[in-house]
Amino acid sequence: AQSVTQLGSHVSVSEGALVLLRCNYSSSVPPYLFWYVQYPNQGLQLLLKYTSAATLVKGINGFEAEFKKSETSFHLTKPSAHMSDAAEYFCAVISGNTGNQFYFGTGTSLTVIP
Amino acid sequence: ETGVTQSPTHLIKTRGQQVTLRCSSQSGHNTVSWYQQALGQGPQFIFQYYREEENGRGNFPPRFSGLQFPNYSSELNVNALELDDSALYLCASSLGTTSSSTDTQYFGPGTRLTVL
């Protein structure tokens, strides 16, 4: 079975500081991993995805994530936080055994302090 | 802007009623998935349709049902509404070249359902 765990339901960083949002996955097969962002009262927007190509994945808005099989992790980072990055972030893994059903983590709320 | 639209944006129903939520996928996307997102939680998979056939279902009772139409629109129907059905309902479409495709899913803005 596939699942993801997001450590830290709330993360606060100062504007200009490093953003690190943690995601660990569990998968019996090579996973496809995604990060989505959700702004208040909106749907989910894709930030980036890992599909077994390069382990370092670059996404939109300056975000990137590194797939580490040995650590079963797919942490999201951004070198310098911007006020507009304040949102809810979700990590997700695809279950390739049952179509493309996504399993989402419980989310991490990012606050950026001016 | 994902090209996926949902209607209505908000809906208030009472316990025991029935509700239909609608989604319009991106043109050419063969797969649509529906998710329930309770307050403060991640989205939970309800079911998926591929070329108008159900193609996977999460841990939701049969009173949650769906339809997908040839014109890339779809519906989520919920019968006998319960208070716990109050949530944001999201649809997501993907290209879906096969029934087991792992294509990126593009989400609509959601329908906020409140059950009183």
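The values are calculated or read from the model by the stated rules, or taken from the named source; none is laboratory data. Note that this is a predicted model, so its numbers are computed, not measured. Cβ sites come from the backbone with ideal geometry, for glycine too, and all protein chains shown count toward neighbours.
Points to keep in mind about this one:
- With respect to the conditions (1) farther than 20 Å from residue A:45 by Cα; (2) buried (at least 20 other Cβ atoms within 10 Å of the Cβ); (3) out of contact with any Lys or Arg (no Cβ under 9 Å at 6 or more places or on another chain), residue B:32 falls short on a single one, namely (1).
Okay, residues lined up against (1) of a type in the set (Val, Ile, Thr); (2) at pLDDT below 95; (3) assigned to a loop (DSSP other than H, G, I, E, B):
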position	(1), (2), (3)
B:27	no, yes, yes
B:34	no, no, no
B:49	no, yes, no
B:71	no, yes, yes
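- Meets criteria (within 14 Å of chain B (Cβ to nearest Cβ) and either of a type in the set (Asp, Glu) or crowded, with 19+ Cβ neighbours inside 10 Å (or both)) for residue A:5: no
- Residues of segment B:75-91 that turn out to be of a type outside the set (Val, Ile, Thr) and outside any loop (DSSP other than H, G, I, E, B), as a count: 11
- Elements of type strands (runs of 3 or more DSSP E) contained in segment A:26-104, each with 1 or more residues being buried (at least 20 other Cβ atoms within 10 Å of the Cβ), touching a helix residue (DSSP H, G or I) at 6+ places or on another chain (Cβ under 9 Å) and of a type in the set (A, V, I, L, M, F, W, C): A:33-38, A:44-50
- Single match in B:56, B:16, B:28 (criterion: farther than 25 Å from residue A:9 by Cβ and under 14 Å from the mean Cα position of the chain (by Cα)): B:56
- Condition check for residue B:49: in contact with a Leu (Cβ under 9 Å, 6 or more places away or on another chain), within 24 Å of residue A:6 (Cα to Cα), within 14 Å of another protein chain (Cβ to nearest Cβ) and aromatic (Phe, Trp, Tyr): no
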